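FYI, it's all coordinate maths here, none of it is from the lab. Nothing here was measured: the structure is a model prediction, and the numbers come from that model. Every residue, glycine as well, gets a Cβ built from its backbone with ideal geometry; the counts of neighbours run over all protein chains shown.
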Amino acid sequence: MCRELGVRMKRSLIIILGLAVAGCAGGIEGSEDEGHDHEPPSEDIVYGENAVTDLTPHSATGYKSGTAFSIQVVTVDGKQVQVGTAHQFLRMRAEAARAGVSIIVVSGFRTNAKQAELYRAYLNGTGNLAARPGYSNHQSGHALDLNASASGVLSWLNNNGARWGFKRTVPSENWHWEYWGADPGPPGGSAPGMTPAPGGGGACNSATLARMVNDGTCVQSASDKAWYHCDSGSWVAGKTGCTASYGWCSSATLGRDVAPRTCVQARSDRIWYQCTSAGWESPVSSGAGKLGTCSSMYEL
Ligand SMILES: [Zn+2]
């Protein structure tokens, strides 16, 4: 810990004060993770309904203060997240979604191999500051990197995160939030794939539709053509309990199916149509139809 002090001293007066109290012999709970990683590039962020959430737990090897332990992880937004942290995050996210704010997990639980890779990149000078393998709170299961740069996310977290037990622990990393509380159980009490309880849950951000949709909405993804449904604020694979349904439309003009929100000028009448929940609908004007801005436009 002491050999890292020089690095830390440059980073934050708050951290220096913390170390001054703890001294080099001791440790601060959760403090081993001060400098660890930069926010992944936006390409790494899988938005929308392809970012599957599956609350079936799996065993993995976590690390805390360099010691391995067995940890249960689930999948949120396509990322592994410790089960209790995931449950609380999903509850918090559902509330944010009702306020129109879409929070996404960019990085969750990390294996020791992944942390070692980040640490090597840091030592090589090809990566940002990273905690030593075994010492990151991404390995203890408590840390999440969130899409803090997305519209409204950081201010919502600053105003509401603490109420949900999520705290920013690294002053220089506004995307890094940690949860050290108890596992509140899965949100809504429903298993993945089940129809969400009426009136419960939240909303999901659909990349295909480019907007938030309510629980129970089913969307056939623009990227993999698979169906997903919004369940308690998270996308779950499958077409279950649909209160609204947005599927691909068959285009005679193009001779193939296209995703919802796509606009096509029909060969038969030269009129523009958009693929909507009700199938092909017009009018389309100024590049937008009933579902908003056309995701693609196919002009004759
Ligand atoms: Zn982090």
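Structure values in brief
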| quantity | calculated |
| --- | --- |
| FRET efficiency, 1/(1 + (r/R0)^6) with R0 25 Å, evaluated for Thr293 and Asp269 via beta carbons | 0.65 |
| Peptides 115-123, 131-139, 144-152 ordered by average Cβ neighbours within 10 Å, highest first | 131-139, 144-152, 115-123 |
| Peptides ranked, highest mean first, by Cβ atoms within 10 Å: ranges 231-243, 275-287 | 231-243, 275-287 |
